[in-house]
1. List, please: which pairs have Cβ atoms under 6 Å, are six or more places apart or on different chains, and start with a residue in segment 391-409 that is under 12 Å from Arg363 (Cα atoms) and open to solvent by 60 Å² or more (accessible area, probe 1.4 Å) and end with one that is at pLDDT 95 or above and not polar (S, T, N, Q)?
2. Quick one: count up the residues across segment 306-320 that are over 30 Å from Arg419 (Cβ atoms) and acidic (Asp, Glu).
3. How many residues does segment 286-301 hold that are part of a helix (DSSP H, G or I) and under 19 Å from the mean Cα position of the chain (by Cα)?
4. Could you give me the residue pairs with C-beta distances under 6 Å whose first residue belongs to segment 168-179 and is under 20 Å from Ile386 (Cα atoms), whose second residue is of a type in the set (Val, Ile, Thr) and open to solvent by 10 Å² or more (accessible area, probe 1.4 Å) wherever it lies, and which are 6+ apart or on separate chains?
5. If you scan segment 371-386, which residues turn out to be modelled with pLDDT of 85 or more and over 17 Å from Asp254 (Cβ atoms)?
6. Which numbered condition trips up Lys202, out of (1) open to solvent by less than 60 Å² (accessible area, probe 1.4 Å); (2) touching a residue at least 12 places away in the same chain (Cβ under 8 Å); (3) part of a loop (DSSP other than H, G, I, E, B)?
7. Checking the condition open to solvent by 10 Å² or more (accessible area, probe 1.4 Å), more than 20 Å from Glu366 (Cβ to Cβ) and touching a His at 6+ places or on another chain (Cβ under 7 Å), which residue from Arg270, Arg324, Arg234 passes?
8. Is it the case, given these coordinates, that Phe310 is touching a Cys at 6+ places or on another chain (Cβ under 7 Å), modelled with pLDDT of 95 or more and open to solvent by 10 Å² or more (accessible area, probe 1.4 Å)?
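The values are calculated or read from the model by the stated rules, or taken from the named source; none is laboratory data. Only a predicted model underlies this, so the values are computations on that prediction, with no experimental measurement involved. Note that we place each Cβ from the backbone using ideal geometry, even for glycine, and neighbour counts take in every protein chain shown. What goes into the accessible areas is simple: the full protein's heavy atoms, side chains included, and nothing from ligands, DNA or RNA. Shrake-Rupley method; radii C 1.70, N 1.55, O 1.52, S 1.80 Å.
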Amino acid sequence: MAAQLWRLSAGGRGALRARPRLPCRPPGPPACEQRRGLGLPRARARGGGAGLGLAAALGAAGLGAGLLAALGPGAGPVRRADMARAAGDADPDDELGRRCGRFMAPPVSALSELRARPDDVRTRMELLVLDTQARLCGALQLLDAGARFSVHRWRREEGGGGISCVLQDGHVFEKAGVNVSVVHGDLSEEAAQQMSRGRNLKAKDGKLPFVAMGVSSVIHPKNPHVPTMHFNYRYFEVEEADGNKLWWFGGGCDLTPTYLNKEDAVHFHRTLKEACDQHSPEFYPKFKKLCDDYFFIVHRGERRGIGGIFFDDLDSPSKEELFRFVQSCAQAVVPSYIPLVKKHCNDPFTPQEKMWQQLRRGRYVEFNLIYDRGTKFGLLTPGSRIESILMSLPLTARWEYMHTPSENSKEAEILEVLRHPRDWVH
């Protein structure tokens, strides 16, 4: 009996068919030059990245005009100035007001609160994750003609909230989600166990106050020759019963191609290595191995993709140095991935190649629902937004009984890499 193609987000059946070859943008003046090489788009955001202090951080350039957002289900388009005013105390003449006006939605924290603690890592991290979200959403929209992100700014009853941006069923991207969350409250015992990773956290009356913030994204393209990409960068703080505060950073970025392209793999890994090497020559090899180990689908005996970097529970050498490292990694997301989309979004593909993509998507779902600690943590945290947690799942996936690719095929080639990770930078 033939396997069916399931639309995971809707629960219904979808039809598997070859898509017509579509341009990254429709005919007309392109927003960024289309070319096969690995160069960055010519029309990109001006300026450098976020600095170390708040004043320097506010100097990071924003995205091009015209990003539309819907601040909640059923809301109409919201202009950038309207989003800044929605924050309640934004002044368009000050740096913070201008910076926040370039985000996909107003910050989760009130601007008065951000101004009150400009050098606190929580302020700097919130601005960093919002900037990362806006930059990536802008870059993806430039590549997917006419597509727009649905933007939902949500509140968590227990404390904090987030901004979920999802582009669905575009020309280039089947599903692209970029989420920001800035939450606080008390952890449940189950969630604390998922997060503590061996720490003996001392709760008071079963409660463990925490602060957590981060940005996460999964991009599922339609063309099987464009790889799926995932990244997340996060910061945690917990307060124990005796008032002692513990903190740590985590994150990573990894690539999941349907078919192996060695040039793409080298470009992706070298870009991440360059970001790591700015801070320590030991970071990339260490975090590359952690990535290969973490994204292992035990019951299949293979990795989810060709890796990247992954780290968790980083609390040394210092909070300042680790923030700078996470900042460098976040700023490497767009240059590591967008050139690969530009390079392959027009590649022709067969129905058989599309079917193989759907089978590999099935593996992606298996890992995320069975092994991923972030998914488990989210599902166990009271008041979590389930739609945002399950955003990582593709619209479509496929499972076939006893499917085995032909020997020496392109499908067998990628399986070999997934079973035996390679060094892509030496």
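1. Taking only residues 6 or more apart or on different chains, the pairs are Trp399/Gly362.
2. 2
3. Number satisfying all stated conditions: 6.
4. Going by the 6 Å Cβ cut-off, the qualifying pairs are Gly177/Val166.
5. Ile386, the sole residue that qualifies.
6. Going through the list (1) open to solvent by less than 60 Å² (accessible area, probe 1.4 Å); (2) touching a residue at least 12 places away in the same chain (Cβ under 8 Å); (3) part of a loop (DSSP other than H, G, I, E, B), Lys202 breaks only (1).
7. Arg324
8. Here the answer is yes, as Phe310 does meet what is asked.
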